[in-house]
Amino acid sequence: MKATHSFKSGGPSFAAGQSISKPPSQVERFVDRWFYRAAMVGAVLVLVLIALILWEIGGKAVPAIRDYGLAFLTKTSWNVQKQDFGILPQIWGTLYSSFLALAIGGLVGIVLAIFLTQDFLPSRVALVFRTIIEMLAAIPSVVFGLWGIFVVIPAIRPAADWLHSHFPWIPFFSSSLSGPGMMPAVLVLAIMILPTVAAISQDALHLVPFKIKEAAYGMGTTHWEAILKVLVPTAATGIFSALVLGFGRALGETMALAMLIGNSNQITLSLFSPANTLASLMASNFPEAAEVERRALMYAALVLLAITLIVNVLGTAILTRTTRRLAEK
Amino acid sequence: MTDIPHRPNMGSLSGMVPDLRRNIFEPRALWNVILTGAAWIIAIIAAIPLASVLYMLFVTGGARLNWETLTELPTAGFEMGGGIGNAILGTIVMVAIASLFSIPIGILAAIFLAELAPASPIATATRFVSKVLTGFPSILAGVFSYAAVVVIMGTYSAVAGGVALAILMLPTVILTAEEAMKMVPRRMKDAALGMGCTKAQSVWLVTLPTALPSIMTGVILAVARVAGESAPLLFTALFSNYWLRNLTEPTASLSILIFNFSSMPFDNQIELAWTASLVLVLIVLTFNILSRLLGRPKV
């Protein structure tokens, strides 16, 4: 408070030849040192937290790792009575649903990012679409799950039935949609990662220097030639990191999937049969699990942690590097 | 244009000036139109889910939105009526606990990152970890809180739920607060230092007050994000059909209520789930709009 005080009353004192500036007192130096330490503790706590997370989840998974070993990753049954646990179907379901969702949500997200950054729309209309994307991001996962159960599943059932009855030999349509299943889960997941992809891609496209766009138009390109041959390739690494981080989000998404995917431990290409993911296995089994199953679930949590950490570290590293490189230009 | 209209005035020049207008039926121009059309269609398709969600929320959820629903306890099974009062209270309490943990730590860390030692190894590591944590699966925050709080306390509790939510809030608070403090003009901080302020005084008296609106934006965004979270509460706060009496017992929350009721065979519970969704979305959107209003650049 001292600084503010002297600043306010300091006006007239200039005339007297006094300066309002003065070296910090002993007390102020002391406070400063402790302030620095407190802030450092805050920063260090974040590092401690991530270490603690790895330690706690890793530590709790150790008994299961000792019991089941690496076979846990390749076995397909989840049988509590026989204490026979394997998570291959969940790993498959996690990757399959995330890739499909990325294919849909990623494409739409990138197109929206191009649409919003490349002068297609008057700024007011662009604001409407931007608001829509931000509101999609704000809607909780569990609400999307509820909407999926009561809107998406009934809405896609006719199409799913038609595809199954006419093309049952195509592996994607080899079973009928009896309720929850891969397809509704993927659609909702795609909607949920769309805002992530769109936001980061927009940033990447904004970072492309204006002179590059001008140069392309100057050469006589059409609007889309400039976008597809010049702007998107220039922003490619940024857009790639958007896809990686969107994929990371899809991998860890829990509630909407737990409500929509059907929680059935099977490996299938069919889009209409129920499946399971690592996160929804935990969501649906953990609350009522006994000690033995809980240990196996901790192992599954560790696997999910490892997969998502790798994907997120990769995405963040690419993004940090490209942002730095483009900012230098 | 295939046929250039004859312009007598241009004389001999007409042969040298290229025609700069583009023929719309030229393949590359046609592609341009097709792709623009496709982009429009995709953008409009992307708007459909939001419209559908909002429609369902206001029509189905709005039907039961009344004082009784907001203040009463949920009923069991076949009984009609009931409300979501305890879930609203539980969500608010747990978000408050999460804020209590994450905001002070987050802002302290952000001060270190933005002002005190931006290039130090600790700051670089913290910044990177925060960015990685923004994509951290929320259910793993629940697993961590289960292992670190529930197992040690021996009971599911609001505190355990709050801790799990705090982990999810922390990165947003740190990263947005750091950005906010970096936006404070350098000359203001230098002026304070030049007058003999210590670094602590310049942060406390100049940087923080100036950056406060933007910091608040980040905090409110973080609150909005975790208010809707359910995965981390599944096995930390669990659920309860009764009012919250203390912080060390299982606690209801809106998101878990939606999850539990969505799979019940009773219409009454499904209706309550929709109303709870509407209330939850309204809470989240209110916080989002609040942060937008606060975050409007003023300088």
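Go through the range A:17-63 and give me each residue that's assigned to a helix (DSSP H, G or I), over 26 Å from the mean Cα position of the chain (by Cα) and facing chain B (nearest Cβ under 9 Å).
A:28, A:29, A:31, A:32, A:33, A:34, A:35, A:36, A:38, A:39, A:40, A:41
Identify all residues within the range B:264-299 that are surrounded by 16 or more Cβ atoms within 10 Å (Cβ to Cβ) and farther than 23 Å from residue B:222 by Cβ; write none if there are none.
B:268, B:269, B:270, B:271, B:272, B:273, B:274, B:275
Which helices (runs of 4 or more DSSP H) sit wholly inside the range B:130-246 and have at least 3 residues that are away from chain A (no Cβ under 12 Å)?
On the way: elements: B:138-145, B:158-183, B:186-194, B:199-202, B:208-227.
Output list reads B:158-183, B:186-194, B:208-227.
Of the conditions (1) of a type outside the set (D, E, K, R); (2) buried (at least 17 other Cβ atoms within 10 Å of the Cβ); (3) assigned to a helix (DSSP H, G or I), residue A:177 clears all except one; give me its number.
(3)
Can you pull out every residue in the range B:47-72 that is of a type in the set (Asp, Glu) and assigned to a helix (DSSP H, G or I)? Give the steps one after another, and end with the answer.
Here is the first cut: in the range B:47-72, the residues of a type in the set (Asp, Glu) are B:68, B:72.
Of everything in the range B:47-72, just one residue is of a type in the set (Asp, Glu) and assigned to a helix (DSSP H, G or I), namely B:68.
List, please: which pairs have Cβ atoms under 6 Å, are six or more places apart or on different chains, and start with a residue in the range A:222-240 that is in a loop (DSSP other than H, G, I, E, B) and end with one that is surrounded by 17 or more Cβ atoms within 10 Å (Cβ to Cβ)?
Listed pairs, sorted by first residue: A:222/B:32; A:235/A:204; A:235/A:205; A:235/A:208.
Do we have residue B:200 as surrounded by fewer than 24 Cβ atoms within 10 Å (Cβ to Cβ) and among the small types (Gly, Ala, Ser) here? Outline the logic, then answer.
On the way: surrounded by fewer than 24 Cβ atoms within 10 Å (Cβ to Cβ): yes; among the small types (Gly, Ala, Ser): yes.
When the stated conditions are applied, residue B:200 passes them.
Which residues, taken from the range B:55-98, are without any contact (Cβ under 8 Å) to a residue 60 or more places away in the chain, farther than 25 Å from residue A:148 by Cα and either among the aliphatic types (A, V, I, L, M) or surrounded by 14 or more Cβ atoms within 10 Å (Cβ to Cβ) (or both)?
The answer is B:72, B:92.
Would you be able to say whether some residue in the range B:271-280 is within 13 Å of another protein chain (Cβ to nearest Cβ), assigned to a loop (DSSP other than H, G, I, E, B) and either within 21 Å of the chain's Cα centre (by Cα) or within 21 Å of residue B:85 (Cα to Cα) (or both)?
Going through the range B:271-280, the residues within 13 Å of another protein chain (Cβ to nearest Cβ) turn out to be B:271-280.
Filter again for assigned to a loop (DSSP other than H, G, I, E, B), leaving none.
Checking the range B:271-280: not a single residue is within 13 Å of another protein chain (Cβ to nearest Cβ), assigned to a loop (DSSP other than H, G, I, E, B) and either within 21 Å of the chain's Cα centre (by Cα) or within 21 Å of residue B:85 (Cα to Cα) (or both).
Has the range B:77-84 got at least one residue that is within 36 Å of the chain's Cα centre (by Cα), modelled with pLDDT of 90 or more and assigned by TED's automatic domain parsing to the domain that holds residue B:272?
The answer is yes, given that some residue of the range B:77-84 is within 36 Å of the chain's Cα centre (by Cα), modelled with pLDDT of 90 or more and assigned by TED's automatic domain parsing to the domain that holds residue B:272.
Any residue at all in the range A:204-223 that's within 17 Å of residue A:327 (Cβ to Cβ) and of a type in the set (Gly, Ala, Ser)?
The answer is yes; a qualifying residue exists.
Within the range B:107-116, does at least one residue satisfy the condition of being at pLDDT 95 or above and closer than 21 Å to residue B:281 by Cα?
Checked the range B:107-116: no residue is at pLDDT 95 or above and closer than 21 Å to residue B:281 by Cα.
Restricting to the range A:284-329, name every residue that is of a type in the set (Asp, Glu) and touching a Leu at 6+ places or on another chain (Cβ under 6 Å).
Kept after step one, since they are of a type in the set (Asp, Glu), are these residues of the range A:284-329: A:288, A:291, A:293, A:328.
Answer for the range A:284-329, where residues must be of a type in the set (Asp, Glu) and touching a Leu at 6+ places or on another chain (Cβ under 6 Å): there is none.
I'd like the full set of residues that are at the interface with chain B (Cβ under 9 Å from one of its Cβ atoms), more than 23 Å from residue A:254 (Cβ to Cβ) and surrounded by 16 or more Cβ atoms within 10 Å (Cβ to Cβ), limited to the range A:284-326.
A:319 - this is the single residue of the range A:284-326 that is at the interface with chain B (Cβ under 9 Å from one of its Cβ atoms), more than 23 Å from residue A:254 (Cβ to Cβ) and surrounded by 16 or more Cβ atoms within 10 Å (Cβ to Cβ).
Can you tell me which residue is surrounded by the most Cβ atoms within 10 Å (Cβ to Cβ) among those in the range A:102-120 that are more than 9 Å from every other protein chain (Cβ to nearest Cβ) and out of contact with any helix residue (DSSP H, G or I) (no Cβ under 7 Å at 6 or more places or on another chain)?
Filtering first and then ranking leaves A:103.
Within the range A:64-94, take every residue that is β-branched (Val, Ile, Thr) and surrounded by 19 or more Cβ atoms within 10 Å (Cβ to Cβ) and give me the one that is farthest from the chain's Cα centre (by Cα). So that I can check it myself, show each step before the final result.
Our first condition is that a residue be β-branched (Val, Ile, Thr); within the range A:64-94, this holds for A:65, A:74, A:76, A:80, A:87, A:91, A:94.
Those left that are additionally surrounded by 19 or more Cβ atoms within 10 Å (Cβ to Cβ): A:87, A:91, A:94.
Values: A:87: 22, A:91: 17, A:94: 14 Å.
The extreme case among them is A:87.
Does residue A:215 qualify as being among the aliphatic types (A, V, I, L, M) and more than 14 Å from every other protein chain (Cβ to nearest Cβ)? Don't jump to the end; show me each part of the working.
Values: among the aliphatic types (A, V, I, L, M): yes; more than 14 Å from every other protein chain (Cβ to nearest Cβ): yes.
So residue A:215 fits the description; yes.
Checking the structure you have, find out if any residue of the range A:139-161 is touching a residue at least 60 places away in the same chain (Cβ under 8 Å) and either in contact with a strand residue (DSSP E or B) (Cβ under 6 Å, 6 or more places away or on another chain) or away from every other protein chain (no Cβ under 14 Å) (or both).
Yes, that holds for at least one residue.
Which numbered condition in (1) among the small types (Gly, Ala, Ser); (2) more than 7 Å from chain A (Cβ to nearest Cβ); (3) part of a helix (DSSP H, G or I); (4) out of contact with any Phe, Trp or Tyr (no Cβ under 8 Å at 6 or more places or on another chain) is the only one that residue B:119 fails?
Condition not satisfied by residue B:119: (3).
May I ask you to say which residue of A:273, A:241, A:264 is crowded, with 19+ Cβ neighbours inside 10 Å, of a type in the set (S, T, N, Q) and over 13 Å from the mean Cα position of the chain (by Cα)? Break it down stepwise before answering.
Values: A:241 fails: over 13 Å from the mean Cα position of the chain (by Cα); A:264 fails: crowded, with 19+ Cβ neighbours inside 10 Å.
Being crowded, with 19+ Cβ neighbours inside 10 Å, of a type in the set (S, T, N, Q) and over 13 Å from the mean Cα position of the chain (by Cα) holds for just one of A:273, A:241, A:264, which is A:273.
Being within 17 Å of residue B:66 (Cα to Cα) and either at pLDDT 90 or above or in contact with a Pro (Cβ under 7 Å, 6 or more places away or on another chain) (or both) is the filter here, so list the residues in the range B:238-270 that pass it.
Within the range B:238-270, B:254, B:270 qualify.
So if I check each of B:177, B:231, B:166, which one is under 25 Å from the mean Cα position of the chain (by Cα), over 30 Å from residue A:35 (Cα atoms) and in contact (Cβ under 8 Å) with a residue 60 or more places away in the chain?
Values: B:177 fails: over 30 Å from residue A:35 (Cα atoms); B:166 fails: over 30 Å from residue A:35 (Cα atoms).
Checking each option against the conditions leaves just B:231.
Regarding the range A:149-163, can at least one residue be identified that is in a helix (DSSP H, G or I), closer than 13 Å to residue A:270 by Cα and of a type outside the set (Asp, Glu)?
Yes, the range A:149-163 has at least one match.
Which ones in the range A:119-148 are touching a Phe, Trp or Tyr at 6+ places or on another chain (Cβ under 9 Å) and outside any helix (DSSP H, G or I)?
Answer for the range A:119-148, where residues must be touching a Phe, Trp or Tyr at 6+ places or on another chain (Cβ under 9 Å) and outside any helix (DSSP H, G or I): A:120, A:121, A:139.
The values are calculated or read from the model by the stated rules, or taken from the named source; none is laboratory data. All figures in this text were calculated on a predicted structure; none of them were measured in a lab. No Cβ is skipped: glycine too gets one built from the backbone with ideal geometry, and neighbour counts run over all protein chains shown.
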